[in-house]
Amino acid sequence: MQQTNPGVLLDLLNPPRLDKRSIINFFDNAAKCYDNAAILQEEVARRLLERLHYMRHQPETIIDLGCGTGKALRGLQKAYPQARVHAVDMSQQMLKRAGANYRWLSRKRRVVADMECLPFAEDSFDLVFSSLALPWCNDLNLALAEFARVARPGALILFTSFGPATLGELALSWQALDDHPHVHPFIDMHDIGDAMMAAGFAQPVVDAETIRMEYRDFRSLLDDLRQTGASNADVSRRRGLMTPGQLRALEENYRQYGFEQGRFVASCEVVYGHAWAG
């Protein structure tokens, strides 16, 4: 059962932007096909794990927040074979897939929870790890406050997120069709750095890089987004399925904004952050 963090108050002036129930449904439905499509997510997790090689840290307890099907779990356990690794995700189906992929991950270490309200006591973990899960939060400050709450003094915080240039080609293509939100307004790396400071982290470091995905056809690009659960969850999004006419118009616009040398390009601005618990 999730516990309510008494130190966090609901901001009534800034209502939730993302529909969490829809997000859970998206990822539940994507669980079976996720590993076949999550090439970007796997690569980003690999690059994030590589950064552990430069950290002088030996954690006893680790939490992977937004673990998905568990692609980073093996790397975490390999890097720290004596550590106890816990896997957390909003999607129960994703966690079931992680359990099937990694038999050593006991059921009690797989927890269905929202990272904005974690069911763990204070000072529980020596390493808080999260790859590309923060974009699904409604309140970055609240999520990082939870990171800080469950981290032990001296714990390492290591994460990735998406910056505002992510899926810019798709956003521009939709803007030419209607005024509804179709791509999440991802948070700038400088604002992420400010949020890390506000959470009380020591020595915060933030940097970013752009990774470009290329596709031979437009439908494959959209299928990858759907199969990884990366669907539009904005509460003010337009409901209903895309019509064939809308799909043709969207592809035509995309050829203007994201078509190069015979390939459809999807750009992703990946933000890396690390810091230490105070």
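The values are calculated or read from the model by the stated rules, or taken from the named source; none is laboratory data. Bear in mind that the values here come from a model prediction, so they are computed numbers and not experimental data. So basically every Cβ, Gly included, is an ideal-geometry build from the backbone, and we count neighbours across all protein chains shown. Surface areas here come from the heavy atoms of the whole protein model, side chains and all, with no ligands, DNA or RNA. Shrake-Rupley method; radii C 1.70, N 1.55, O 1.52, S 1.80 Å.
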**OP:** Return yes or no: is TYR80 surrounded by 15 or more Cβ atoms within 10 Å (Cβ to Cβ), over 17 Å from the mean Cα position of the chain (by Cα), modelled with pLDDT under 95 and not basic (Lys, Arg)?
**Re:** no
Original post:
in contact with a strand residue (DSSP E or B) (Cβ under 9 Å, 6 or more places away or on another chain), part of a loop (DSSP other than H, G, I, E, B) and at pLDDT 90 or above, is that true of PHE264?
Top reply: no
**OP:** Considering each residue of segment 157-192, count those that are open to solvent by less than 40 Å² (accessible area, probe 1.4 Å) and of a type in the set (D, E, K, R), and give that number.
**Re:** 2
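Can you pull out every residue in segment 88-109 that is over 17 Å from ALA30 (Cβ atoms) and either assigned to a loop (DSSP other than H, G, I, E, B) or touching a strand residue (DSSP E or B) at 6+ places or on another chain (Cβ under 7 Å) (or both)?
Those that are over 17 Å from ALA30 (Cβ atoms) and either assigned to a loop (DSSP other than H, G, I, E, B) or touching a strand residue (DSSP E or B) at 6+ places or on another chain (Cβ under 7 Å) (or both): VAL88, TYR102, ARG103, TRP104, LEU105, SER106, ARG109.
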Original post:
Which condition number in (1) within 20 Å of LEU18 (Cα to Cα); (2) touching a helix residue (DSSP H, G or I) at 6+ places or on another chain (Cβ under 9 Å); (3) touching a residue at least 24 places away in the same chain (Cβ under 8 Å) is the one that PHE159 fails?
Top reply: (1)
Subject >> Among residues of segment 140-159, those that are outside any strand (DSSP E or B) and either over 18 Å from VAL206 (Cβ atoms) or among the aromatic types (Phe, Trp, Tyr) (or both), counted >> reply: 5
Original post:
Do you know which of the residues in segment 197-220 that are free of Cβ contacts under 8 Å to residues at least 60 places away in the same chain and open to solvent by 60 Å² or more (accessible area, probe 1.4 Å) is nearest to SER131 (Cα to Cα)?
Top reply: ARG212
Original post:
Of all the residues that make up segment 251-261, how many are part of a helix (DSSP H, G or I), open to solvent by less than 60 Å² (accessible area, probe 1.4 Å) and within 19 Å of ALA165 (Cα to Cα)?
Top reply: 2
Original post:
ALA155 versus (1) farther than 23 Å from GLY278 by Cα; (2) in contact with a Phe, Trp or Tyr (Cβ under 7 Å, 6 or more places away or on another chain): which is the lone unmet condition?
Top reply: (1)
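Residues to consider are GLU214, GLU209; find the one that is of a type outside the set (Gly, Ala, Ser), closer than 30 Å to GLY278 by Cβ and touching a strand residue (DSSP E or B) at 6+ places or on another chain (Cβ under 9 Å).
GLU209
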**OP:** State which residue pairs qualify: first residue open to solvent by less than 40 Å² (accessible area, probe 1.4 Å) and inside segment 119-139, second residue in a loop (DSSP other than H, G, I, E, B) and of a type in the set (D, E, K, R) in any location, beta carbons under 7 Å apart, and separation of 6 or more residues or different chains.
**Re:** ASP126/GLU60; CYS137/GLU116
